[in-house]
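Following: one structure in structure tokens, then a few remarks.
Only the coordinates and a few stated rules stand behind these numbers; no lab work does. Since the model is a prediction, treat every value here as computed from it, not as a measurement. As a convention, Cβ positions derive from the backbone with ideal geometry for all residues, glycine included, and neighbour counts pool all protein chains shown.
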Amino acid sequence: DAKTTQPTSMDCAEGRAANLPCNHSTISGNEYVYWYRQIHSQGPQYIIHGLKNNETNEMASLIITEDRKSSTLILPHATLRDTAVYYCIVRAGGATNKLIFGTGTLLAVQP
Amino acid sequence: NAGVTQTPKFQVLKTGQSMTLQCAQDMNHEYMSWYRQDPGMGLRLIHYSVGAGITDQGEVPNGYNVSRSTTEDFPLRLLSAAPSQTSVYFCASSFDRSIGEQYFGPGTRLTVT
């Protein structure tokens, strides 16, 4: 699975959009981009995933560049409850379900 | 559905003691896994199972045993606890091995003295 690079931490004002970047320059054609988050002392929570098209669900939007070497997770209206560590994970579909977690980005939503 | 449940929430062991961390899911998921999380580090995969009767090793399997006798349960055993096993342990499940959307339990915080 390809390696990902994320900023260690980011701040965002409450009510504004939070844009969390992720670089995955060695991603392969069959690898998906997954985003999880972990609120303090809780288990990780799945947010969204995509292959090459942009994706949106009730929690967030995922924008993947055309060359697929980077992506951005967008929380459209951040709240204090969105303060968490956000993990970007690249994973091939199919034979294995292993998720390789890096150290993620600590998003601090400020009032 | 209760989702993924883990017991106990907290545990303190002395070096050399054994114990079993319990994990259960009520979603009829085939795939289950165990991770550990240490301060300042991401989650690391310990063991996983793609179905009842089938288990395999992850990144950091040493010192841990698992078994999967039923679809619902996936216990993690520490045969002889060591201080290096002090960590937070998370169990996760998903519908099958090909799906990256996993559901995580609330975790067990283990301290080995």
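Listed values, structure above:
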read-out: Scan of segment B:19-54 for residues that are farther than 21 Å from B:Glu101 by Cβ and of a type in the set (Asp, Glu), ordered by number; value: B:Asp38
read-out: Qualifying residues in segment B:68-81 (those that are surrounded by fewer than 16 Cβ atoms within 10 Å (Cβ to Cβ) and polar (S, T, N, Q)) - the one farthest from the other protein chains (Cβ to nearest Cβ); value: B:Ser80
read-out: Any hit, segment A:90-105, residues being out of contact with any helix residue (DSSP H, G or I) (no Cβ under 7 Å at 6 or more places or on another chain), away from chain B (no Cβ under 11 Å) and part of a strand (DSSP E or B); value: yes
read-out: From the options B:Phe74, B:Phe95, residue that is of a type in the set (Phe, Trp, Tyr) and more than 13 Å from the chain's Cα centre (by Cα); value: B:Phe95
read-out: Set A:Ala78, A:Ala108: member being in a loop (DSSP other than H, G, I, E, B), among the aliphatic types (A, V, I, L, M) and either more than 8 Å from chain B (Cβ to nearest Cβ) or surrounded by 14 or more Cβ atoms within 10 Å (Cβ to Cβ) (or both); value: A:Ala78
read-out: Test: residue in segment B:15-27 that is facing another protein chain (nearest Cβ under 10 Å) and either surrounded by fewer than 20 Cβ atoms within 10 Å (Cβ to Cβ) or within 20 Å of A:Gln38 (Cα to Cα) (or both); value: no
read-out: Count of residues meeting criterion [surrounded by fewer than 14 Cβ atoms within 10 Å (Cβ to Cβ) and within 14 Å of another protein chain (Cβ to nearest Cβ)] in segment A:5-31; value: 4
read-out: Residues that are touching a residue at least 24 places away in the same chain (Cβ under 8 Å), part of a loop (DSSP other than H, G, I, E, B), facing another protein chain (nearest Cβ under 7 Å) and not basic (Lys, Arg), drawn from segment B:82-109; value: B:Ile99, B:Gln102, B:Gly105, B:Pro106, B:Gly107
read-out: Count of residues meeting criterion [more than 10 Å from every other protein chain (Cβ to nearest Cβ) and either surrounded by 13 or more Cβ atoms within 10 Å (Cβ to Cβ) or not in a loop (DSSP other than H, G, I, E, B) (or both)] in segment A:32-51; value: 5
read-out: Entirely in segment B:12-76, the strands (runs of 3 or more DSSP E) that have 3 or more residues that are under 21 Å from B:Val112 (Cβ atoms); value: B:19-25, B:31-37, B:43-51, B:64-66
read-out: Selection count, segment B:28-48, where residues are surrounded by 14 or more Cβ atoms within 10 Å (Cβ to Cβ), at the interface with chain A (Cβ under 10 Å from one of its Cβ atoms) and of a type outside the set (A, V, I, L, M); value: 8
read-out: Conditions (1) without any contact (Cβ under 8 Å) to a residue 12 or more places away in the chain; (2) not in a loop (DSSP other than H, G, I, E, B); number of the one not met by A:Glu58; value: (2)
